[in-house]
Structure formats: structure tokens, C-alpha cells
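Notes follow the structure.
The values are calculated or read from the model by the stated rules, or taken from the named source; none is laboratory data. Source: prediction; values computed, not measured. Because the Cβ atoms are built from the backbone with ideal geometry, glycine has one as well, and the counts that use them run over all protein chains shown. Just so you know, the surface numbers come from the protein's heavy atoms only, side chains and all, with ligands and any DNA or RNA stripped out. Shrake-Rupley method; radii C 1.70, N 1.55, O 1.52, S 1.80 Å.
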Amino acid sequence: MTLTKKLAAEFIGTFWLVLGGCGSAVLAAAFPDVGIGLLGVSLAFGLTVLTMAFAIGHISGCHLNPAVSIGLWSGGRFSAAELGPYIFAQVLGGIAGAAILYLIASGQAGFDASAGFASNGYGEHSPGGYTLVAALVTEIVMTFMFLIIILGATDKRAPQGFAPIAIGFALTLIHLISIPVTNTSVNPARSTGVAIFQGDWAVSQLWLFWVAPIVGAILAGIVYRWFESEDTA
């Protein structure tokens, strides 16, 4: 598979993740009487990854997330030469998904992206008012666990064909845990896309949603490499 095709797949996949996941939060979470709520938004994010894993996993690996690409590199599963292009394609896909969501959401009278637009935040911009430290710990730990699950589910020794299901449900569970804390990122591309359209505090707090997921992903890669290492005793 050529790099161009891989990057196109990553663009489309990340586009779908942001449009599907953040779209559920912006358009449907609190829709009058039949809003899907926290559970629905969590499931929507998981479904975007699950569906794309089956659709493009055989093309690009379906990373959809700079932290995932970095974690796979840290775990010895991904080439450093493709890391930059993958991250670039993912961020562009995230921005494109947010742009389409903005276009749709703007069709409703009174819509105001500055009110949040499914952006990630801490302190006064955390859904539950959680501190910067709480947000940092949450994003590191959640991304760490996400990468451990990804690395384990895609291990050649794991049952074959079930990885997309495990990964999709993992992302659902992560959202169920952490939406109240940070609105759940674990994905710098997802955070960047909507932050650009929120345009205020989300941009100033965006650094955390790059740093924390990357730290968590690198640590997971290191730990999983240890799991894979040969025992000497």
C-alpha cells in the first residue's frame, strides 16, 4: 500500500471520528426529549473507531490519532519515517470533520461555537470543574490504557479478527470515565479540530491535549515492549 493511500485513509478515518464523535455531542447529546447524553456520546466515539477499523484497518492501520501513531512507534510497531505524515493527515482530517460539523451546526438559529463546540478543557472549562492536574493525570492514564489495549488486541498472539471490537469498546469506556473531567480527548487531532472553531479558551488549553496523550502513549509503548521481551529467568 502506498503512503499516499495510507494518508488518505487516515484523513478519512479521523474526519469520521471527529464528525461522528463530536457531532453526537454537539448535535444530539442534549437534543430536546430524545438527547443521547453522556452514554450516547461515549458510544458514538467508540463506534467511529470500530467502523473505521474494519473499513481502513487493512489500508493504514486505522490510527486516527497522533497519540496512537506515536504509541505504536514507541512500541516498535510503526515506522518513524511515516510518523510525521500520519500526524499531519490526522490533524487535517480532524479539522475537516470539525469544519463540516460547524457548517451543519450553524444551520440552527442561535448556534454559538464559542460556547464549547465539544472542545476539551480543564479548570472552569472542564465539564465537572476538574483542575489542570486532574485533567493531566486523566488524559495520560486514559491514553496509556487505550494504547495498552490497542497493542495487546493487535498482537499476533491475540485472537485474530476481534481487535476493532476491543478498541472501539475501549474508547467507549474511556469516554464514560472521563467526559466529566476533560470532555475526553486522548487524541490531539480530535482536540485540535474543534478547538480551532471554538477559537478562544480551547486553543489556549490545547497544549495539554497534545502533551498528555503523547506522554501516555509513549509510556504504553515502553511497557508493552517489556511485555513482549524474552524472559531471561
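Applying the set (1) farther than 17 Å from PRO164 by Cα; (2) touching a residue at least 12 places away in the same chain (Cβ under 8 Å); (3) among the β-branched types (Val, Ile, Thr) to THR48 leaves exactly one unmet item: (1).
Each residue in the range 78-103 was checked for being open to solvent by 60 Å² or more (accessible area, probe 1.4 Å) and in contact with a helix residue (DSSP H, G or I) (Cβ under 7 Å, 6 or more places away or on another chain), and 4 of them qualify. On the basis of being open to solvent by less than 70 Å² (accessible area, probe 1.4 Å) and at pLDDT 95 or above, does ALA158 make the cut? When the stated conditions are applied, ALA158 does not pass them. Residues that are at pLDDT below 95, part of a helix (DSSP H, G or I) and open to solvent by 30 Å² or more (accessible area, probe 1.4 Å) within the range 112-153 comprise SER114, ALA115, listed in sequence order. Please indicate, with yes or no, whether at least one residue in the range 56-74 is under 28 Å from PHE227 (Cβ atoms), out of contact with any Lys or Arg (no Cβ under 9 Å at 6 or more places or on another chain) and free of Cβ contacts under 8 Å to residues at least 40 places away in the same chain. Within the range 56-74 (the criterion being under 28 Å from PHE227 (Cβ atoms), out of contact with any Lys or Arg (no Cβ under 9 Å at 6 or more places or on another chain) and free of Cβ contacts under 8 Å to residues at least 40 places away in the same chain), the answer is yes, since at least one residue qualifies. Count of the range 4-29 residues, restricted to those that are among the β-branched types (Val, Ile, Thr), open to solvent by 40 Å² or more (accessible area, probe 1.4 Å) and in contact (Cβ under 8 Å) with a residue 60 or more places away in the chain, is 2.
Taken together, the residues in the range 61-77 that are part of a helix (DSSP H, G or I) and open to solvent by less than 10 Å² (accessible area, probe 1.4 Å) amount to 5.
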